[in-house]
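Trainee: Here it is: the structure, laid out below.
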Amino acid sequence: MTSTEDLLKQAADLASSNPKRAEELYKQILDSTASTSNGSAVNADKEQSLRDQESALIKLAELYRDQKDASGLAQVITLSRSFMSSTAKAKTAKLIRTLLNYFNSIPNSRQTQIDVLTDNIEWSKREKRIFLKHSLEIRLVSLQLEALQYKLALARIDALLTELKRLDDKMILTEVHLLESRVYRGIGNLSKSKAALTSARTAANSIYCPPHLQAALDLQSGVLHAEDKDYTTAYSYFYETFENMSSQDDPAALNALKYMLLCKVMLNMPEDVTSLLSIKLAVKYAQLREIESMRAIALAHQNRNLADFEKALRDYKHELSSDPTIRSHLAALYDTLLQQNLLRIVEPYSVVEIDYVAKQVGQGRQDVEAKLSQMILDKVFHGVLDQGRGCLIVFDELEADNTYGAAIGTLEQVSKVVDSLYAKTVKIA
């Protein structure tokens, strides 16, 4: 075994200077240790061989990860099956999770991951490794959700739920229901998304729920409340998530903070964004580009400046459009800001040209005319569009006149008196 250890050390030294040679050495180690572990070696030699095989697999996977070689990493996972057949099931699950995590740092590797997971799920099924199969299927559904393959994800979830309910594994059941909620939210079916989240919380209540899973449940609750325009409740859920994830140094805490800032903007409290970013937990994120994008949106909203809002959308296009939750609220936010901007322009006037308003907001005349018409119908302000002159005529807000209401109330009382007198007349007669 000393020669194997020497080869491992030699390969590790060559990993940065000569990765091709290091790759050959690792494969050589895997071939030699595989024959030893599968042969009639004594237990001590067999255990050492398995340890060397595991080290070589992980080091070779790290080499492919550093080279951004997704196909090479996929081959390592396939190679690891001979090792997994000879070791404990718990160790197998840990190893395959480690190898799959290496895909995270390889760009554009999602489809390769999906193919690898599908292949390994079939292998787990043949080997009757049920718990490994479930964990791989959960990971596959997460990737299908990211790839917007909602139909495939739902089919996989339905099959998983049938198996899990039979096994009564509450932990995995909670994760699958949470994924189901996220998938239904992705296709826009909010009622089913809420039902799935309720099922996830019900399952989580009967077990010890790990902090990261509790944070994920709170995050999804916040997202669904935000979809219902209940931004106050959504903010409280996002704050719980942010505190939970920050305490664990989870990178996903950044998303929770972004959603908190979004809620403040949507609640027409953009001035709170600066004070929110000064709290202890948020300070380390304050200078990140993702947070700068939300600060720019908040500032534009506070100033009711449509040009600044559009500039923020252009300057931070990736940060604002890559997140589906934030992207789904930008249209409503833009509409609100356009409305506020139009109000700011027409407020000082009793009559104003539509062309002038369109020029001030930097929009087409037709779009501005349609929006003003909608605002008048929604009674945002009182006015009328004079299309013949191309003007908007703005009326003062009418004061409520209670005269008619009081008159109707008086007549109702008189009617009651007349009915009473008539009833008494009938009795006398």
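The values are calculated or read from the model by the stated rules, or taken from the named source; none is laboratory data. Every value quoted in this text rests on a predicted model; they were computed, and no experiment measured them. Methodologically, a virtual Cβ is constructed for each residue, glycine included, from the backbone with ideal geometry; neighbour enumeration extends over all protein chains shown. In case anyone asks, the SASA skips ligands and DNA or RNA and just uses the protein heavy atoms, side chains included. Shrake-Rupley method; radii C 1.70, N 1.55, O 1.52, S 1.80 Å.
Trainee: Within the set of pairs 6 or more residues apart or between chains, which connect a residue that is within 17 Å of Lys359 (Cβ to Cβ) inside segment 378-391 to a residue that is β-branched (Val, Ile, Thr) and outside any loop (DSSP other than H, G, I, E, B) with Cβ atoms less than 6 Å apart?
Mentor: As it stands, the answer is Gly390/Ile354; Cys391/Val351, since those pairs meet every condition given.
Trainee: Let me ask you something else. Is there a residue being part of a helix (DSSP H, G or I) and either closer than 19 Å to Leu306 by Cα or open to solvent by 100 Å² or more (accessible area, probe 1.4 Å) (or both) anywhere in segment 379-401?
Mentor: Here is the first cut: in segment 379-401, the ones part of a helix (DSSP H, G or I) are none.
No.
Trainee: Among the listed residues Thr162, Thr92, which satisfies the condition of being open to solvent by 30 Å² or more (accessible area, probe 1.4 Å), more than 17 Å from the chain's Cα centre (by Cα), of a type in the set (Val, Ile, Thr) and not assigned by the TED database to the domain that holds Pro324? Full working, then the answer.
Mentor: Values: Thr92 fails: open to solvent by 30 Å² or more (accessible area, probe 1.4 Å).
After ruling out the rest, the residue left standing is Thr162.
Trainee: May I ask you to list pairs of residues, at least six apart or on different chains, whose Cβ atoms are under 8 Å apart, with the first in segment 120-148 being open to solvent by 80 Å² or more (accessible area, probe 1.4 Å) and the second being of a type outside the set (Asp, Glu) and assigned to a helix (DSSP H, G or I)?
Mentor: Lys125/Lys133; Phe131/Lys89; Phe131/Ala93; Glu146/Arg110; Leu148/Gly186
Trainee: Related question: Let me spell it out: the conditions are (1) surrounded by 16 or more Cβ atoms within 10 Å (Cβ to Cβ); (2) within 20 Å of the chain's Cα centre (by Cα), and Ala195 meets all of them except one. Which number is the exception?
Mentor: For Ala195, the exception is condition (1).
Trainee: Separate question: Before we move on, is Ala200 more than 16 Å from the chain's Cα centre (by Cα), surrounded by 23 or more Cβ atoms within 10 Å (Cβ to Cβ) and within 27 Å of Arg327 (Cβ to Cβ)?
Mentor: Values: more than 16 Å from the chain's Cα centre (by Cα): yes; surrounded by 23 or more Cβ atoms within 10 Å (Cβ to Cβ): yes; within 27 Å of Arg327 (Cβ to Cβ): yes.
Criteria met by Ala200.
Trainee: Quick one: which helices (runs of 4 or more DSSP H) sit completely within segment 239-302 and have at least 2 residues that are within 17 Å of the chain's Cα centre (by Cα) and of a type outside the set (Phe, Trp, Tyr)? Spell out how you get there, then give the answer.
Mentor: Numbers: elements: 253-266, 272-276, 289-302.
By residue number, 253-266, 289-302.
Trainee: Taking the condition modelled with pLDDT of 80 or more and open to solvent by 40 Å² or more (accessible area, probe 1.4 Å), does Val368 pass? Please lay out each step first, then the result.
Mentor: On the way: modelled with pLDDT of 80 or more: yes; open to solvent by 40 Å² or more (accessible area, probe 1.4 Å): no.
Against the criterion (modelled with pLDDT of 80 or more and open to solvent by 40 Å² or more (accessible area, probe 1.4 Å)), Val368 does not qualify.
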